[in-house]
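Notes to accompany the following structure.
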């Protein structure tokens, strides 16, 4: 029988709560004990996440995360941009325990999964932080503490991904172990390579049993994560034959894979830049020449269809020639490409209209009036945005 | 398929679960929905209209009716409408809306509010 104040059963309350943004959900934890338990429950968190990932909701709830350093104060700030409109939703200083870090410190986004962002900070050694921008919660990943009989372990690079089999978030640390004995000549020093994995569920590190390949990791900026595979840009091969490619780590099976670059990849006599990012859930490669004057460049875009299979690199398209572009940063919707020009400004290239828009002037600068006089974009994290999720 | 429950409803004369008023709102929805399915703006306008003509309490009944009739699109639609209506509201408003009472210990609730103090900013006045 209906009364005027019919209380809704829990499953229908869930149906309503699924549509709410994180900020409202956090507040409504205070409604009553059962709502607190409900919203905190892993079951609801998973449902809310799934709900936000359906195609109709996905872009509405996705954000671009931008790290910038203010020239004036040298403080690092994070900005969140709405995916659809590129409107700046908020700008905040970095999580408080890291404010006031020195100028030379680098903050990089490793990857973002289900709303959890992994940051690596190089201040006094390496700090790894897991951060949820929607709830403002941070967690510093503890140091490993595993010792190796062969000597000292140094981190070459890290990755952050999701293990579908165990439903667990993992941080992987690629290590180089060497004997720091000062008596040894440089050429006598032996290097060993190892890898460690940190599981969020256990809160501890362990060594990966499969051997870590001794490849040179090229550059931390070009790390990618997609569909359970974390990849680094690397030089693959045995001394003295090294080839550019990617080193990938399978988060579930905890094995390494390598993929060299496609035949027909650009080799510019002046040198070649290679950048990787994720496009349509595939690891994608952009190559372009290192023109000294940086006057004009063509950008060649490829996507990798299958890890470990060099022949599965598929050329998507060529952009340009374009003038004054330092490098592309990643794709937006409809194959529009974010670019960074030589002045460090953010541009948007529309390949269909063949038009370039300077976002700094149109949207970003206007909204960031307080940051005028020097936005240094040190990193844009595109595509794998932080999704709103408790 | 989705209308088998509706048919059942009409066949069952002693059905008290769905009052007539609610039925007249819910049942025309499939046609409306199909017509304006592709157009989000129109859907938003229809949503606004609905909110104006229907009291919040009625929305709860609409949800129950849509659930009983096994009508997913209407259920999603009404739930989303309620969510939009309460999104920026205070904790007290939400309690009144759903007929709930705080069962926290005196200190507990304060502690919780402090934990997510920033989520209380910009909340609508009751």
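Brief remarks follow.
One line per residue, one yes/no per condition, for (1) surrounded by 17 or more Cβ atoms within 10 Å (Cβ to Cβ); (2) at the interface with chain A (Cβ under 7 Å from one of its Cβ atoms); (3) farther than 20 Å from residue A:26 by Cβ:
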site	(1), (2), (3)
B:73	no, no, yes
B:77	yes, no, yes
B:83	yes, yes, no
B:88	no, no, no
B:92	no, no, no
B:102	no, yes, no
B:108	no, no, no
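- The condition of being assigned to a helix (DSSP H, G or I), at pLDDT 85 or above and closer than 21 Å to residue B:110 by Cβ does not hold for residue A:14.
- Enumeration of residues in segment A:102-121 that are at pLDDT 75 or above and out of contact with any helix residue (DSSP H, G or I) (no Cβ under 9 Å at 6 or more places or on another chain): A:109, A:111, A:112, A:113, A:116, A:117, A:118
- The listed residue being assigned to a strand (DSSP E or B), in contact with a helix residue (DSSP H, G or I) (Cβ under 9 Å, 6 or more places away or on another chain) and touching a residue at least 24 places away in the same chain (Cβ under 8 Å), out of A:299, A:338: A:338
- Filtering segment A:302-315 to residues that are in a strand (DSSP E or B) and more than 22 Å from the chain's Cα centre (by Cα) leaves A:314, A:315.
- In segment A:115-134, residue nearest to the other protein chains (Cβ to nearest Cβ) [restricted to those that are part of a loop (DSSP other than H, G, I, E, B) and closer than 13 Å to residue A:92 by Cβ]: A:134
Residues checked against (1) within 13 Å of chain B (Cβ to nearest Cβ); (2) modelled with pLDDT of 80 or more; (3) closer than 20 Å to residue B:118 by Cα; (4) in a helix (DSSP H, G or I):
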{"residue": "A:2", "(1), (2), (3), (4)": "yes, no, no, no"}
{"residue": "A:27", "(1), (2), (3), (4)": "yes, yes, yes, yes"}
{"residue": "A:37", "(1), (2), (3), (4)": "yes, yes, no, yes"}
{"residue": "A:49", "(1), (2), (3), (4)": "no, no, no, yes"}
{"residue": "A:66", "(1), (2), (3), (4)": "no, no, no, no"}
{"residue": "A:74", "(1), (2), (3), (4)": "no, no, no, no"}
{"residue": "A:92", "(1), (2), (3), (4)": "yes, no, yes, no"}
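- Lone qualifier among A:186, A:164 - being loosely packed, with under 12 Cβ neighbours inside 10 Å, farther than 26 Å from residue A:262 by Cα and at pLDDT below 80: A:186
The values are calculated or read from the model by the stated rules, or taken from the named source; none is laboratory data. Note that this is a predicted model, so its numbers are computed, not measured. Cβ: placed from backbone, ideal geometry, glycine included. Neighbour counts: every protein chain shown.
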